[in-house]
Amino acid sequence: MPPAASTENRTRDGHVLVWEQAGISEEEQPKKGCRFGTRHYVVFMLFLGMANAYVMRTNMSVAIVAMVNQTALHKEDTFDDECPDRELQAEEAHQDGEFMWTTSMQGYILSSFFYGYVITQIPFGLLAKKYGAMRFLGWGMLINSVFAFLVPVAAREGGAVWLIIIRFIQGLGEGPIVPCTHAMLAKWIPPNERSRVGSIVYSGAQFGTVISMPLSGLLADHGFDGGWPSIFYVFGIIGTVWSVAFLFTCHEDPITHPTIDNEERKYIQQALWGKAGVNIPPIPWKSILTSMPFYAILLAHLGQNYGYETLMTELPTYMKQVLRFSIKANGTLSALPYLAMWLFSIVVGWVADWMLTSGRFTHTITRKISNSIGQYGPAIALIIASFTGCNRALTVAILTIGVGLNGGIYAGFKINHLDITPRYAGILMAITNCSANLAGLLAPIAAGNIIEGKPTIAQWRIVFVIAAGVYIFTATFYNIFASGTRQPWDNPDNDEIEKPASIEAPSQQENGHNGVSNGNGVTHRTAAQ
């Protein structure tokens, strides 16, 4: 490889675009295409898919407040007397639900979704690598959406047991969402666009939460069939429509897409070291399992999910039990932190890409700075919020700021898989997401048992401080061991030489290029360290 390419390689953490290599003329450099290309449509659909996924997992957090008969339960098992009752109105008596579930049982119901979700992560990551990610993602979300219609029936006819089973199946269907999304991003998005695109796609989680919580509160209060069942009917319809649209309009990669612009196809292919998925060698399990950058991502993911699931599943309950907000206000206020996180995650993604393209920051430094904001921020906020007592406005403001700063993780560890191993990013995300959700499903169970029978501010303080401690420990581990450099075990130069002509776009072959070399001995892929 020419010396110029090697120099660029050292300054870009292994992400050198092919047209920046020596010997490639300006005329041969691919154009990015129109402002809104096919890859941007795929990103938009993945964003909506992530939003749908989080709608399905968060709507139960609000619905369960309306499903449970709070008045019939013994008062000390339901409310804390430390804060005045001024936010609860007398007319809310009719909102008491039809089920007598203890706080710990509610924790098991809320966590049941994640049992199904975690066991399908690694299998779908492996299947996506072998057979492609798009159809697993679309059909999985369709199963998730269709089973949402069965939630009211299961709860009313079979009680908590049948409800847990249905939510478990919904979790199975949602299993492909993260590993398959990551696998598709690896095939569609060039390295210099990943921070902002990854932030946009994964911020769909917060967008879905922002939509789900207030709308669920309104539906629980004014919806049909008793209120809370309408939550699952409405979102079930939305999820079904998205799944069908995704399956019919999206494709696995630029190679198989029938209508993508040739210039855009060329731009994506050359930025991603040739055709995605061609001649990828077997997964280097030993190298992965002895890689400290991998464990840095894994620990950061574990800490993120424990803290995030603590807030996402328990915040509506905290606002009802301790801060005494009405159901309608509960859904709206519970969504505020996630609105802040959604907006901040998009901003931090653009800033991270600017840091990288400016040449002043390496991938490693950029990821660590972003991740520190994303995990230390909510940790500090949780500790402060646990000591604000009955000051509703201050508590909500602090949690909103803290969860908002959590958006930094999307330009931190969340996209870091693609830095260290573009070709195995999907399977690595499957492993870390599976492990992280095992930690995440413990969050509502732990919180439910800690506050069982005594939902006081002191007990909730324990819940918040534990989550903060997990955030701090895992973020520190990440800062010590993380890397933004493509790892040696994913170096294409170490692969057995086999470069079929099909790795180039058809337009290049027609123009006389052989798909392997530009005529000056420079192969059409990026350099790797």
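Coordinate-derived values only; no laboratory data. Computed from a prediction, not measured in an experiment: that's the story for all the values here. Please note: Cβ atoms are built from the backbone with ideal geometry, for glycine as well, and neighbour counts cover all protein chains shown.
Summary of computed values
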read-out: Flagged links, alpha-carbon separation over 22 Å, of Lys368/Lys414; Lys129/Lys286; Lys187/Lys368; Lys266/Lys414; Lys129/Lys187; value: Lys187/Lys368; Lys266/Lys414
read-out: Trypsin sites (Lys or Arg not before Pro) restricted to DSSP loop in segment 351-434 with at most 13 other C-beta within 10 Å; value: Arg360
read-out: Shape of segment 360-453, Cα gyration tensor, a/c cut at 1.5; value: oblate
read-out: Stretch gain in nm, segment Leu343-Ile237, where the contour uses 0.36 nm per residue and the Cα spacing is subtracted; value: 35.5 nm
read-out: Three-way shape call for segment 120-231 based on the alpha-carbon gyration tensor, with the a/c threshold at 1.5; value: oblate
read-out: Length gained when the stretch Trp162-Ile462 is fully extended (0.36 nm per residue, less Cα-Cα span); value: 104.9 nm
